1. What do you get for the angle between helix 113-126 and the principal long axis of the chain? Use alpha-carbon atoms, 0 to 90 degrees, nearest ten.
2. Over 5 Å intervals from 0, what percent of Cα-Cα pairs in the range 8-69 sits in each interval?
3. Counting only helical runs of four or more DSSP H residues, what would the 222 nm mean residue ellipticity of the chain come to if each run contributes -39,500 (n - 2.57) and the total is spread over all its residues?
4. Of the accessible area of the range 26-112, with the probe set at 1.4 angstrom, what percent is carbon plus sulfur?
5. Considering every Cα-Cα pair within the range 19-134, what fraction, in whole percent, is farther apart than 21 Å?
6. Ratio of the range 87-218's C-alpha Rg to 2.2 N^0.38 Å, to two decimals?
7. Whose amide H sits under 5 Å from the amide H of M84, counting only residues 5 or more places off or on another chain, with H placed in the peptide plane?
8. Relative to the first principal axis of the alpha-carbon coordinates of the chain, what is the inclination of helix 172-187, with its axis defined by its Cα atoms, in degrees from 0 to 90 and to the nearest 10?
Amino acid sequence: MEKIIEIQHLSKSFGANEVLKDIDFSVDKGEVVCIIGSSGSGKSTLLRCINLLEKPSGGQIIYKGENILDDQHDVYKYRQKLGMVFQQFNLFNNHNVLSNCMVGQIKLLKRSKAEAEEVAMKYLRVVGMDQYINAKPRQLSGGQKQRVAIARALSMEPDVMLFDEPTSALDPEMVGEVLKVMKELADSGLTMLVVTHEMGFAKEVSDRVVFMDKGVIAEEGSPEQIFNRPNQERTREFLKRTL
Ligand code: ADP
Ligand code: MG
């Protein structure tokens, strides 16, 4: 298996608060990994360290064999290879749907307008939002906004997609449409790292489940193993509380 991202001894502190402690973790090409765990266990910080929205306090992040925390490494190039989808969508509110999916391509990837539009339309079709290209974000439902946010990230044609609780801010009736799109992406072979509270999704879609507790990876394994035969007491406790 080809490792896309490998993390070694990653740590992160905010002041005296050590939020990530000596994390070792990797993602293979084509793999879908779900990260579960209680609020405050460090899941978002881990994702944010992986895409360098937070600067790790220690350790290494190896991307395709190169240490990207190395001073010489081009952080901007690296970050373009990671698509990020947030709980709060973070769309550009003054841009319409199509433009939201084009600006990054034009500014960062230097694509022509015509090419950017073609790519944006391709991914808007994938998420089923190609009928809404002229709408502004405020005219869309939460589920529609999140599907546009996914199309925007895909339009950069990243190697890995990172999702941080993409359905947590949605009304319950909109969760399904977003999870359906994510499942289709997973089935298409996209490499995905998903922080989620949707245990059904984690069970059904992931190749591997990572359980985080108090800044460490307490346990990881196949969804079948984690959900049916967890090795750790704290995994059992967590699952009992959520299921
Ligand atoms: P999770 O996503 O699992 O809920 P987080 O990674 O958001 O957990 O947070 C883990 C811990 O790190 C929490 O105690 C939180 O208060 C702290 N933390 C997160 N971001 C910051 C920050 N920017 N400054 C200070 N503390 C932070
Ligand atoms: Mg979080």
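The values are calculated or read from the model by the stated rules, or taken from the named source; none is laboratory data. Keep in mind it's a predicted model, so treat the numbers as computed, not measured. Every residue, glycine among them, receives a Cβ derived from its backbone with ideal geometry; neighbour counts consider all protein chains shown. When the accessible area is computed, the model is the full protein with side chains, heavy atoms only, and any ligands, DNA or RNA have been set aside. Shrake-Rupley method; radii C 1.70, N 1.55, O 1.52, S 1.80 Å.
1. 60
2. 4, 16, 28, 28, 16, 6, 2, 0
3. -10500 deg cm²/dmol
4. 48
5. 52
6. In units of the 2.2 N^0.38 Å rule of thumb, it is 1.08.
7. Here the answer is L162, since their amide H atoms fall under 5 Å of that of M84.
8. Tilt relative to the chain: about 90 degrees.
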